[in-house]
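Trainee: Would you mind keeping the following structure in view while I ask a few things?
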Amino acid sequence: MERRDKNNYYLDIAQTVLERGTCLRRNVGAIIVKNDVIISTGYAGAPRGRANCSDLGTCRREIMGIPHGQRYEICRSVHAEQNCIIAAPREEMLGSTMYLVIVDAKTREVVSSASPCNMCRRLIINAGIEKVVTRISKDDYKVYNVEDWVKEDDLEENLGEYK
């Protein structure tokens, strides 16, 4: 019997975590792992005590026709990456790996091109996470080295939005 490689093992767990998600557009599951120990988990959903989009049956961003990847400040949800980081002590996140799976809520297909948004990238950087592994397909994944995000400072490319 062939054993599942560790990256896919942890991605499978993140994919199970996303089943708790409440977003009507995309379900996202995240876990942080260090030294083969799961530090925390997170999924996308409204802040504690507030109604979830799945409970309301509507998505504000979808009603407004906002494309994926834009205007997250309008979204009711806290991102999976954010919830995962909130739940973990920083000293345990230093040098860790975040595993992330994103699934289209309607088709239930893995979104192979997805990666953390700029807002979540900033949090991942500050948390001290070293790598982010995202699922591309059942057995394939992409590894992001967080240090590359630091070096590829997005300030210049986004300046046009603020001029």
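Trainee: Which members of the stretch 129-140 meet the condition of being in contact with a Leu (Cβ under 7 Å, 6 or more places away or on another chain) and assigned to a loop (DSSP other than H, G, I, E, B)? Show your work before the answer.
Mentor: First pass over the stretch 129-140, keeping only residues in contact with a Leu (Cβ under 7 Å, 6 or more places away or on another chain): 132-135.
Within the stretch 129-140, none qualify.
Trainee: Here is a further query. Go through the stretch 2-22 and give me each residue that's open to solvent by 60 Å² or more (accessible area, probe 1.4 Å) and either on the phi > 0 side of the Ramachandran plot or among the polar types (S, T, N, Q) (or both).
Mentor: The one that is open to solvent by 60 Å² or more (accessible area, probe 1.4 Å) and either on the phi > 0 side of the Ramachandran plot or among the polar types (S, T, N, Q) (or both): THR16.
Trainee: In the list GLY57, GLY95, GLY160, which residue meets the criterion of being surrounded by fewer than 19 Cβ atoms within 10 Å (Cβ to Cβ) and modelled with pLDDT of 95 or more? Write out each step before concluding.
Mentor: Numbers: GLY57 fails: modelled with pLDDT of 95 or more; GLY160 fails: modelled with pLDDT of 95 or more.
Checking each option against the conditions leaves just GLY95.
Trainee: I've got another one for you. Residues of the stretch 35-47 being open to solvent by 60 Å² or more (accessible area, probe 1.4 Å) and either touching a residue at least 60 places away in the same chain (Cβ under 8 Å) or in a strand (DSSP E or B) (or both), which ones? Quick ask: steps written out before the conclusion?
Mentor: As a first pass, look at the stretch 35-47 and keep what is open to solvent by 60 Å² or more (accessible area, probe 1.4 Å): 35-38, 41, 43.
Hits for the stretch 35-47 are VAL37, ILE38, THR41, TYR43.
Trainee: Do we find that VAL103 is under 21 Å from GLN15 (Cα atoms) and either exposed (fewer than 12 other Cβ atoms within 10 Å of the Cβ) or within 12 Å of the chain's Cα centre (by Cα) (or both) in this structure?
Mentor: So VAL103 fits the description; yes.
The values are calculated or read from the model by the stated rules, or taken from the named source; none is laboratory data. Since we're looking at a predicted model, the values are computed, not measured. Neighbour counts are summed over all protein chains in view; Cβ atoms, including those assigned to glycine, are modelled from backbone coordinates with ideal geometry. Just the protein is used for accessible areas: all its heavy atoms, side chains included, with ligands, DNA and RNA removed. Shrake-Rupley method; radii C 1.70, N 1.55, O 1.52, S 1.80 Å.
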